[in-house]
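Take a look at the structure below.
What follows draws every value from the coordinates through simple rules; no lab data is involved. Here the structure is a predicted model, which is why all the values come from computation and not from measurement. Counting neighbours? That spans all protein chains shown, and the Cβs are built from the backbone with ideal geometry, glycine included.
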Amino acid sequence: MVALAYLQMLTPVLPFREEMIRRGHGWDYVAQRVNVLRGSSSSVGGRRIWLAGNTYQDASKLAFHLPDHPGVFALNLRSRDNQYSIWPGFPDLARPGDDLVFVLSNRRDSPGPISDLHPHFARVRVVDSIGPTAERPEVPERRIWLLEGWRGSWPE
């Protein structure tokens, strides 16, 4: 059983759709897509580009799989607090005008965090939508949002 569990962690061989071990797979591809976006977005006028996921799972997997292992915020909007909640967050470190690349699941409840953030940024748009394919069935379903021009305010 232990050998099978290790094999499943390294190479998913069992046909489980949403089990805990499998949720860690595919984040190298998500990070690659985020990294392309970071490289193509120019910092104009001293604006910085920050990275975030809504949950600690997404934030930590993204930070781990990006080549420079940057700081990634877990915004925890409409979700429970966690360790990220006690660390300095986006509103503590960002300056007005900064941008935020936000990785969010494609679940039905996921528009909620975007509607919470929309009034606090000048422009909010989906820049990428990814998910499992025949070639990469392990890729999680996520949307990558670009929130531009932070106004300096934050949802309560």
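How would region 72-131 be classified by its alpha-carbon gyration tensor: rounded, prolate or oblate, with rounded meaning a/c under 1.5 and the a/b versus b/c comparison settling the rest? Taking the square roots of the gyration eigenvalues as a ≥ b ≥ c, region 72-131 is oblate. Counting only Cβ charges, +1 for Lys and Arg and -1 for Asp and Glu, the dipole size of region 25-150 around its Cα centre is about 200 debye.
Mind running the shape call on region 25-150? Use the C-alpha gyration tensor, a ≥ b ≥ c as the square roots of the eigenvalues: rounded below 1.5 for a/c, prolate if a/b tops b/c, oblate otherwise. Rounded, because the longest to shortest axis ratio a/c is under 1.5. Loop-located trypsin sites (Lys or Arg not before Pro) in region 61-154 (DSSP state other than H, G, I, E, B) with a sparse environment of at most 13 neighbouring Cβ atoms within 10 Å: R78, R80, R107, R108, R151.
Tell me, what is the FRET efficiency for W87 and H118 to the nearest 0.05, using R0 = 22 angstrom and their Cβ-Cβ distance as r?
Details: r = 24 Å, r/R0 = 1.11.
With a Förster radius of 22 Å, E is 0.35.
Model label points for D28 and R80, set 7 angstrom from Cα along the Cα-to-Cβ axis, are 3.2 nm apart.
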